[in-house]
Amino acid sequence: MTEQQALFKYCVRLGDNALIQSYRLAEWCSNAPMLEEDLALTNMALDMTGRAQMLLQYAGSISGEGQTSDDLAYRRSEPEYRNNLISELPDNDFAFVMVKQMFTSTFEYFLYLALMESSDKTLAAIAAKSVKEARYHMAHTSDWVVRLGDGTGESNRRAQEAVNALWPYTGELFETDDVDRLLQEKGVAANLEQIQIWWRQYVIETIPAAKLELPSDDYQHTGGRIGVHTEYLGHILSEMQYLQRAYPDAKW
Amino acid sequence: MTNETDLPRWEVFTQIKPGANYMHAGTIHASDKKMALQNARDTYTRRGEGTSIWVVPSDAIVASNPDDKEMFFDPSNDKIYRLPTFYVMPEGAKAI
């Protein structure tokens, strides 16, 4: 694997995480418990669409095959997607989306903070923009996790259920493979071990502050890095890619 | 439209640029100050409208009663000498 191939894979991974999170967040449009939160969640979705667009565009520009960001978003099949499994899980509950976004936005905040120092100038510029967004997402969702966990018996129960269900998907965020190792040597990629330390520190302070309990670290799901996904990604893509698949190159 | 589960209302004021007056942007719902600021941000400043936000609990606003409109505002309407345009510029005065 050349550095260029590794960088392509790295950007696709980051871009796919943003794109699939954006899709799930956008599903809250008109479904949030209050108008203000409807806007907050769709604002996050828009931030992530923008981030996905930048990262996939950059990926396309370094692949040597000249794909556009749209080619990468709409014309890859499920096993070619490299997002973390946590981002494709369906949100059946408001507590679920808040806990999920708290976990992932905290990860992204520390990830992009580290990537601001990347030796790759484009990646560093995208990181500088993303870190501001992620910081807000992290603050907004953390406040909600505390509000729900330390709220009523019912809201605490639902938030705890979300923590328990999502915890086994958090380990994957920090998995390091050949792509990471090659790019870390070049000073391009972030050190995920270090990010895991920061992430855990934040999360183990926030969860008890929300009167919630941390589950044990037993089984952790994996697969996103090699394109093995949950049953949910296929459904997302069949809807998201419908237009480009049915009417390739459609314009309006 | 209100119901029992609605959170308290807050008035939102945004400042377009440093030094400018804060302008009323609208109303949001929130349970506490932090949430009020975030909801104001998400509702009113996502198209580059602001550099700063104030949120004020709606019940902290003291409003004049529409029934007092005449008592409050009519007396000023017929006193044109309250307006600078009533006065003639003295000849030779340049920097007024």
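For region A:71-90: of the residues being open to solvent by 30 Å² or more (accessible area, probe 1.4 Å) and not hydroxyl-bearing (Ser, Thr, Tyr), which is nearest to the chain's Cα centre (by Cα)? If we take residues in region A:71-90 being open to solvent by 30 Å² or more (accessible area, probe 1.4 Å) and not hydroxyl-bearing (Ser, Thr, Tyr), then A:Arg82 is nearest to the chain's Cα centre (by Cα). Within region A:25-70, being outside any helix (DSSP H, G or I), among the hydrophobic types (A, V, I, L, M, F, W, C) and under 19 Å from the mean Cα position of the chain (by Cα) holds for A:Trp28, A:Cys29. Contact map, region B:29-43: first residue part of a loop (DSSP other than H, G, I, E, B), second residue at pLDDT 95 or above and of a type in the set (A, V, I, L, M, F, W, C), Cβ cut-off under 7 Å, separation 6 or more or different chains; pairs are B:Ala30/B:Trp10; B:Ala30/B:Ala36. For region B:49-96, a residue qualifies if it is under 22 Å from B:Thr14 (Cα atoms) and modelled with pLDDT under 85, and the qualifying residues are B:Glu49, B:Gly50.
Given the criteria free of Cβ contacts under 8 Å to residues at least 24 places away in the same chain, in contact with a helix residue (DSSP H, G or I) (Cβ under 8 Å, 6 or more places away or on another chain) and polar (S, T, N, Q), does A:Thr230 qualify? Judged against the criteria, A:Thr230 is not a match. In region B:32-41 there is at least one residue that is open to solvent by 60 Å² or more (accessible area, probe 1.4 Å), within 14 Å of chain A (Cβ to nearest Cβ) and farther than 23 Å from A:Asp47 by Cβ.
Checking each residue in region A:23-71 for being within 23 Å of A:Gln244 (Cβ to Cβ) and of a type in the set (Ser, Thr, Tyr) picks out A:Tyr23, A:Thr42, A:Thr49, A:Tyr58, A:Ser61, A:Ser63, A:Thr68, A:Ser69.
Report yes if some residue within region A:45-62 is among the charged types (D, E, K, R) and touching a residue at least 24 places away in the same chain (Cβ under 8 Å); otherwise report no. Looking through region A:45-62, at least one residue is among the charged types (D, E, K, R) and touching a residue at least 24 places away in the same chain (Cβ under 8 Å). Please indicate, with yes or no, whether at least one residue in region A:135-143 is among the aliphatic types (A, V, I, L, M), part of a helix (DSSP H, G or I) and under 29 Å from A:Arg157 (Cα atoms). For region A:135-143, residues among the aliphatic types (A, V, I, L, M), part of a helix (DSSP H, G or I) and under 29 Å from A:Arg157 (Cα atoms): present. When A:Asp218, A:Asp180 are checked against the criterion of being part of a loop (DSSP other than H, G, I, E, B) and either more than 14 Å from every other protein chain (Cβ to nearest Cβ) or within 16 Å of the chain's Cα centre (by Cα) (or both), a single residue qualifies: A:Asp218. Summed over region A:124-134, residues that are farther than 20 Å from A:Ile207 by Cβ, away from chain B (no Cβ under 13 Å) and touching a helix residue (DSSP H, G or I) at 6+ places or on another chain (Cβ under 6 Å) total 4.
Rundown of residues vs (1) under 16 Å from A:Asp218 (Cα atoms); (2) open to solvent by less than 20 Å² (accessible area, probe 1.4 Å); (3) in contact with a helix residue (DSSP H, G or I) (Cβ under 8 Å, 6 or more places away or on another chain), yes/no style:
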residue: A:Val146; (1), (2), (3): no, no, yes
residue: A:Gly149; (1), (2), (3): no, yes, yes
residue: A:Gln160; (1), (2), (3): no, no, yes
residue: A:Trp167; (1), (2), (3): yes, yes, no
residue: A:Gly171; (1), (2), (3): yes, no, no
residue: A:Ala189; (1), (2), (3): no, yes, yes
residue: A:Trp199; (1), (2), (3): no, yes, yes
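Residues that are within 14 Å of chain B (Cβ to nearest Cβ) and open to solvent by 60 Å² or more (accessible area, probe 1.4 Å) occur in region A:10-30; there is at least one. Restricting attention to region A:135-157, the residues that are more than 10 Å from chain B (Cβ to nearest Cβ), over 23 Å from A:Gln201 (Cβ atoms), free of Cβ contacts under 8 Å to residues at least 60 places away in the same chain and not acidic (Asp, Glu) add up to 4.
The requirement of being within 14 Å of chain A (Cβ to nearest Cβ) and either at pLDDT below 95 or open to solvent by less than 50 Å² (accessible area, probe 1.4 Å) (or both) is fulfilled somewhere in region B:15-26, by at least one residue.
Scanning region B:44-54 for residues that are surrounded by 12 or more Cβ atoms within 10 Å (Cβ to Cβ) and either within 11 Å of chain A (Cβ to nearest Cβ) or without any contact (Cβ under 8 Å) to a residue 12 or more places away in the chain (or both) yields B:Tyr44, B:Thr45, B:Arg46.
In this entry, A:Glu117 is excluded by the filter for residues that are within 14 Å of another protein chain (Cβ to nearest Cβ), open to solvent by 20 Å² or more (accessible area, probe 1.4 Å) and either touching a Phe, Trp or Tyr at 6+ places or on another chain (Cβ under 7 Å) or acidic (Asp, Glu) (or both).
The values are calculated or read from the model by the stated rules, or taken from the named source; none is laboratory data. Since the structure is predicted, the reported quantities are computational estimates derived from the model, not experimental observations. Every residue, glycine as well, gets a Cβ built from its backbone with ideal geometry; the counts of neighbours run over all protein chains shown. These accessible areas exclude ligands, DNA and RNA; they are computed on the full protein's heavy atoms, side chains included. Shrake-Rupley method; radii C 1.70, N 1.55, O 1.52, S 1.80 Å.
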